[in-house]
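Report on the following structure.
Any read-out appearing in this document is the output of simple, stated calculations on the displayed coordinates, not a laboratory observation. Computed from a prediction, not measured in an experiment: that's the story for all the values here. Neighbour counts are summed over all protein chains in view; Cβ atoms, including those assigned to glycine, are modelled from backbone coordinates with ideal geometry.
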């Protein structure tokens, strides 16, 4: 693992977020971050940075719901108050918008969360758990 204090690429920037959005390695921006749709790589194929300790958990799903919800809810309100569009067509449109939004946003949100977790080192693992001083 890289020492984040001496690595010049380990500072927050929009380039780091863009690498996550593109689903590429947050360190080098060359290797893929995900295999398939959502499975993260254990390490970067280009720079060998280790990602096996990073788990994005529910963050990407939360962000996806936040973004897609803000697109779908106004459409729901419009279709609910309008008699111009038949109910079956409104449901079909809402389902398609939701599915396309989730399909596009979820892996990119996961890339962004992995990049931010990599940057901050907030893996959720207790780095002091193996310390002999803490064992009684």
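Pairwise Cα distances in the stretch 10-100 exceed 24 Å in 42 percent of cases. Put simply, when 82-93, 32-43 are sorted by average Cβ atoms within 10 angstrom per residue, most first, you get 32-43, 82-93.
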